[in-house]
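Below is one structure; the comments refer to it alone.
The values are calculated or read from the model by the stated rules, or taken from the named source; none is laboratory data. Keep in mind that this is a model prediction, so the values were computed, not measured. In this analysis, Cβ positions are derived from the backbone assuming ideal geometry, glycine residues included, and neighbour counts consider all displayed protein chains. Quick note on the areas: whole protein, heavy atoms, side chains included, nothing else; ligands and nucleic acids left out. Shrake-Rupley method; radii C 1.70, N 1.55, O 1.52, S 1.80 Å.
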Amino acid sequence: MSISLSSLILLPIWINMSQIQQGGPDEKEKTTALKDLLSRIDLDELMKKDEPPLDFPDTLEGFEYAFNEKGQLRHIKTGEPFVFNYREDLHRWNQKRYEALGEIITKYVYDLLEKDCNLKKIFIPVDATESEPKSFIFMSEDALTNPQKLMVLIHGSGVVRAGQWARKLIINEDLDSGTQIPFIKRAMDEGYGVIVLNPNENCIEVEKPKTHVQSSSDSSDEPVEKRERKDKVSKETKKRRDFYEKYRNPQREKEMMQLYIRENGSPEEHTVYVWDHFIAKSAAENVFFVAHSYGGLAFVELMIQREADVKSKVTAVALTDSVHNVWHQEAGKTIREWMRENCCNWVSSSEPLDTSVESMLPDCPRVSAGGEVNPSLPVSDSGFFLISLRDTTHKQEECRRTLIILFLFPLKSCL
């Protein structure tokens with residue numbers, strides 16, 4: 001007869017319950033606590049007590065990984081790619097390890113943006129006090145002074161931060177596949193100023209302060225017996241809470257709270273803020289956006305809130321697998337018409353590159369990204385596609401020019 005793992009874990013609790021049910025009032029309180037525990041806890045929570053400590057390195061070297069000359073993440077000793085299942089049957093621990101590595105890679109990409117791409121880190125809000133939460137974006141030296149053209153990059157939702165398209169591509173493929181660095185370098189070579197948004201950096205996490213409950217014995221105007229009864233109830237409540245917490249959080253993980261960044265508390269807020277304080281003030285005659293996934297939704301929200309300004313300054317928008325929805329976002333008719341003339345959405349498709357793809361929404365054209373593009377090819381060989389759209393900046397309907405350059409990456413892997 002086989003016994004499941006969950007039964008083995010829960011067996012001591014069941015036995016304990018059957019024993020204490022035969023006791024007095026104090027034992028009945030323990031029974032109540034155990035029943036409460038069983039009603040709230042699941043197997044994953046129980047198995048936490050058998051996990052190794054969630055204590056991970058804070059450097060790539062500590063993980064024994066490094067990026068090689070091809071930008072691939074490899075084990076320093078074995079040369080093997082990253083292994084997610086480092087410990088068998090400990091998915092939660094492996095996931096925590098993966099997330100810890102991801103945070104290191106985020107900082108690594110930030111360093112590349114500054115050192116390899118020569119971008120400047122600009123903290124926001126621009127008028128932030130020393131003590132308040134802050135975020136930041138990255139800009140080229142000429143982002144605000146380039147008189148001709150400015151490119152703005154917006155990534156999608158999730159764990160990615162400025163300079164990234166997809167964390168899993170950075171870890172499992174290479175830096176060129178998962179970061180915005182090829183876009184940035186090629187754009188700068190073509191004479192563009194560059195601004196890299198950071199729309200997912202909306203808050204900072206700090207440890208939640210412990211709440212200290214004032215003892216009822218401090219109330220001097222209450223009778224002594226009443227205060228003693230209150231103290232007894234408080235102690236018993238704390239005992240039951242600690243009993244439950246022992247199983248719920250055996251690793252004593254810190255309880256965190258989020259402090260949101262002023263005027264940057266969401267991707268949409270962040271995009272509008274960067275527009276108002278940087279992009280709108282830039283000298284560029286032509287501004288171009290490249291926005292992936294949720295970044296497309298953030299751009300549409302920017303249009304809704306700053307329609308006239310966007311129309312006067314933005315020349316074209318390249319979207320990749322954008323999740324915007326002009327109906328749900330309540331984009332007006334004039335916005336939809338502008339998007340049809342000035343935006344294009346490349347979507348994952350098995351159809352040949354630039355083949356029209358049917359859309360249910362009456363906004364910008366949807367065309368095929370041509371399936372997967374080989375990410376290992378150098379930028380010059382792998383698909384900087386010139387997209388000709390109508391030049392609305394000068395109102396010359398018959399004048400067509402190249403408005404934007406787009407480096408297509410393996411979109412399917414980003415979904």
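Among the criteria (1) farther than 24 Å from V323 by Cβ; (2) touching a helix residue (DSSP H, G or I) at 6+ places or on another chain (Cβ under 7 Å); (3) open to solvent by less than 10 Å² (accessible area, probe 1.4 Å), the one K121 does not fulfil is (3). Take the conditions (1) more than 25 Å from F67 (Cβ to Cβ); (2) out of contact with any helix residue (DSSP H, G or I) (no Cβ under 7 Å at 6 or more places or on another chain); (3) open to solvent by less than 10 Å² (accessible area, probe 1.4 Å); I195 misses just one of them, which is (2).
Among the criteria (1) modelled with pLDDT of 90 or more; (2) among the hydroxyl-bearing types (S, T, Y); (3) touching a Gly at 6+ places or on another chain (Cβ under 8 Å); (4) open to solvent by 60 Å² or more (accessible area, probe 1.4 Å), the one T334 does not fulfil is (3).
Filtering R97, R87, R92 for residues that are exposed (fewer than 13 other Cβ atoms within 10 Å of the Cβ), modelled with pLDDT under 95 and not in a strand (DSSP E or B) leaves a single hit, R87. Go through the residues of region 172-191 one by one and say whether even a single one is surrounded by 11 or more Cβ atoms within 10 Å (Cβ to Cβ), at pLDDT below 85, part of a helix (DSSP H, G or I) and of a type in the set (K, R). Looking through region 172-191, none of the residues is surrounded by 11 or more Cβ atoms within 10 Å (Cβ to Cβ), at pLDDT below 85, part of a helix (DSSP H, G or I) and of a type in the set (K, R).
Could you check region 287-324 and list, in sequence order, the residues that are of a type outside the set (A, V, I, L, M, F, W, C) and assigned to a loop (DSSP other than H, G, I, E, B)? Steps first, please.
Pass one, region 287-324, residues of a type outside the set (A, V, I, L, M, F, W, C): 292-296, 301, 305-307, 309, 311-313, 315, 320-322, 324.
Answer for region 287-324, where residues must be of a type outside the set (A, V, I, L, M, F, W, C) and assigned to a loop (DSSP other than H, G, I, E, B): S293, R306, D321, S322, H324.
Which of the residues spanning region 262-281 are open to solvent by 10 Å² or more (accessible area, probe 1.4 Å) and touching a Gly at 6+ places or on another chain (Cβ under 9 Å)? Across region 262-281, the qualifying residue is only P267. Does M17 fit the bill of being modelled with pLDDT under 90 and open to solvent by less than 60 Å² (accessible area, probe 1.4 Å)? It is true that M17 is modelled with pLDDT under 90 and open to solvent by less than 60 Å² (accessible area, probe 1.4 Å). The set of residues in region 56-104 being within 22 Å of the chain's Cα centre (by Cα) and charged (D, E, K, R) consists of D58, R92, K96, R97, E99, E103. Applying the set (1) modelled with pLDDT under 75; (2) surrounded by 12 or more Cβ atoms within 10 Å (Cβ to Cβ); (3) among the polar types (S, T, N, Q); (4) not in a helix (DSSP H, G or I) to S413 leaves exactly one unmet item: (4).
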